[in-house]
Amino acid sequence: MNITHPPVRGFPHRLGYGDFQPTGLHKRRAGKGGGEDEAKSTEQEERIRPQLLSGTGHCKWFNVRMGFGFISMTSSEGSPVDPPLDVFVHQSKLVMEGFRSLKEGEQVEFTFKKSSKGLESLWVTGLGGGPCAGSERRPKGKVQPQKNRKPKGDRCYNCGGLDHHAKECGLPPQPKKCHYCQSIRHMVAQCPHKVLAPPTGSHDPLHPSTSAHLYPADEEERSGSPPLEGHSSSPEELPQSHRGGPQRWRK
């Protein structure tokens, strides 16, 4: 048995959000609150908006490679600034053509703002609003390789070519030769054209080794006695400690 409920009078359809209309009281409250919100938002925008100031000064220093520097501001809004204040400047804010930079000591006019990092320039020109002069310096580029430098790479040990290896050489096996002068009469160890450095341990009679001079000083240092005066003294005149050398080391 199916039971059907009769429709409720006064609600012929489902109610939606658009069926409710605000009354006059609601309208007055909404209008009053909206006006306050708009006033607050406008006040906040004015606070957030950076205050642009104008100033004049000269370039304190500018790094042409990094593209930034500092301006020493001597006046702001027509009033002198003493001592001068540093204002950050980036090359993108410079009004000029070509490579943008500033010369040290160059007089400039600019607009700037105060930020959390300090004073930052926004528009930098020369005196009278003209373009900046800029610096003659340019960032150094990469160093060009020397022309006299020997080409790098492996050499073919069969023909001596620089454009391939021995396994890729198209010539038949060649006789062994010196890798320094390419001569087949000798090897690189016997090459007369190769300058050999003199041995470091060579004994030259005209230049005796310094070890002989260092040895007595070393002995004197180990013995703990001062150097003797008159090295031409006979063994009898030497002190007992110097006469019996081996006895010094007995324990």
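Residues that are closer than 14 Å to GLY134 by Cα and β-branched (Val, Ile, Thr): does the stretch 51-64 have at least one? It would help to see each step written out before you state the result.
If we filter the stretch 51-64 for residues that are closer than 14 Å to GLY134 by Cα, which is where we start, we get 58-64.
Applying the additional criterion that residues be β-branched (Val, Ile, Thr) yields 64.
Within the stretch 51-64, one or more residues are closer than 14 Å to GLY134 by Cα and β-branched (Val, Ile, Thr).
Keeping to the stretch 57-92, report how many residues are among the aromatic types (Phe, Trp, Tyr) and touching a residue at least 40 places away in the same chain (Cβ under 8 Å).
2
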For a quick check of your reading of the model, give me the residue pairs whose first member lies in the stretch 153-177 and is in the same structural domain as ALA189 (by the TED database), whose second is of a type in the set (Phe, Trp, Tyr), with beta-carbon atoms closer than 8 Å and at least 6 apart or on different chains. ALA166/TYR157
Does the stretch 179-193 contain at least one residue that is at pLDDT below 80 and under 44 Å from the mean Cα position of the chain (by Cα)? yes
Hits in the stretch 184-195 (condition: surrounded by fewer than 14 Cβ atoms within 10 Å (Cβ to Cβ) and within 16 Å of TYR157 (Cβ to Cβ)): ILE184, MET187, VAL188, ALA189
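Within the stretch 93-116, can you find the residues that are within 16 Å of GLY57 (Cα to Cα) and among the basic types (Lys, Arg)?
Within the stretch 93-116, LYS93, LYS103, LYS113 meet the criteria.
So that you can scan it fast, the table gives a plain yes or no per residue for (1) of a type in the set (D, E, K, R); (2) surrounded by fewer than 16 Cβ atoms within 10 Å (Cβ to Cβ); (3) modelled with pLDDT of 95 or more:
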residue: ARG49; (1), (2), (3): yes, yes, no
residue: GLY78; (1), (2), (3): no, yes, no
residue: GLY98; (1), (2), (3): no, yes, no
residue: GLY129; (1), (2), (3): no, yes, no
residue: SER135; (1), (2), (3): no, no, no
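The values are calculated or read from the model by the stated rules, or taken from the named source; none is laboratory data. Since the structure is predicted, the reported quantities are computational estimates derived from the model, not experimental observations. Methodologically, a virtual Cβ is constructed for each residue, glycine included, from the backbone with ideal geometry; neighbour enumeration extends over all protein chains shown.
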